[in-house]
Structures are given as structure tokens and as C-alpha cells.
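**Q** Take a look at the following structure, please.
Every read-out reported here was derived from the displayed coordinates using simple, explicitly stated rules and does not represent laboratory data. Just so we're clear, the structure is a prediction, and the values are computed from it rather than from any experiment. Cβ placement follows ideal geometry from the backbone for every residue including glycine, while neighbour counts extend to all protein chains displayed.
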């Protein structure tokens, strides 16, 4: 992305601006006073073709020096299933590279059977779209995955798993 690492990191960790670059987030319903370890926020998720739901996230790491942001997220209905998200930003000349990884951990029968596989397919579309919007917000046209004929080139920019 054609932005300094600190600018990209500030945008990614600015909870109020999440809906500006993530189309699946309708709005931020609750935000913490500060964004330290353990802070929680709630967003209303509303991906296309699905009813909205509330998602609660808790910060595990927000390292401004190392440019690493890690949090755990789960539906706000008490279900034990969760996802872990990790964002890492590294300098790339005058620009930066943003890598995002998610690991979905379904814990109930229906989440394993239906919700997790469906959400995995949705994230495979949503994450690249969010990175594109993030790059646009940062004024970048050079934020798309580099395609060299394999999906391995894309994994350097985003990756995910669903168990």
C-alpha cells in the first residue's frame, strides 16, 4: 500500500473507521475508551445476503512498534466458537505491505457443519475487498495481491483457515 506503515496501522486499529473499509461491518455498536490489551468492542456484522448479527472482539495484542494487531472475535450470543485475527504491517520502501490472517475455530455442531464453511467462503471474498478498500482509503493503487500464476502469491497478502 502506498502509505507509511504508521498511517496504515493507525487506520486498521481505528475502531470507529472499521465500517469505512470493511463492507461486512454495518456499524460499530460499542467501543472501548482505550485500545489496550483486553479492550473489547462490538460491531454489527451484515454481510451480503445474511441477516445482521453482533460480533464482539477482544484485543490480544496491539503493538505499535512491531506493527502487529491481534484480536479474538465471536458472535455476541454466547456461542463458544471464535476467530483469531492477526494484522501485520511491514515497510516496503516508501509504502508498506499488509498481511492479514484469520483462524476460525467452530466449537458447536452447527457452526462446524454449516456456519464455518459458509463464513470461510465469504471471507475469501470479503478480505481481499477490504484490503482493496483499505488501500483506497490510504490513497494506494498498488495494494492488490500480486499474481504470479499461483495462490501462493496471494497468501503473502492474506490467508485464513477454518478448522
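**Q** What does the helix-only formula give at 222 nm for the chain: each DSSP H stretch with n ≥ 4 adding -39500 (n - 2.57), the total divided by the residues, and the result rounded to the nearest 500 deg cm²/dmol?
**A** Using -39500 (n - 2.57) per qualifying helix, the result is -7000 deg cm²/dmol.
**Q** Of all the C-alpha pairs in the chain, what % are more than 26 Å from each other?
**A** Here the long-distance tail beyond 26 Å is 25 percent of all Cα pairs in the chain.
**Q** Arrange the peptides 46-56, 14-24 so that the one whose residues have, on average, the most other Cβ atoms within 10 Å appears first.
**A** Highest to lowest by the protection proxy: 14-24, 46-56.
**Q** Starting from the Cα of residue 50, step 7 Å along the direction of its Cβ; do the same at residue 124; then give the gap between the two resulting points in nm.
**A** 1.5 nm
**Q** Just the Cα atoms of region 1-92: what Rg and Dmax do they give in Å?
**A** When restricted to Cα atoms, region 1-92 yields Rg and Dmax of 13.5, 41 Å.
**Q** Next question. Run through all the Cα pairs of region 82-135 and give the fraction in each 10 Å bin from 0, expressed as whole percent.
**A** Result returned by the calculation: 20, 44, 24, 10, 2.
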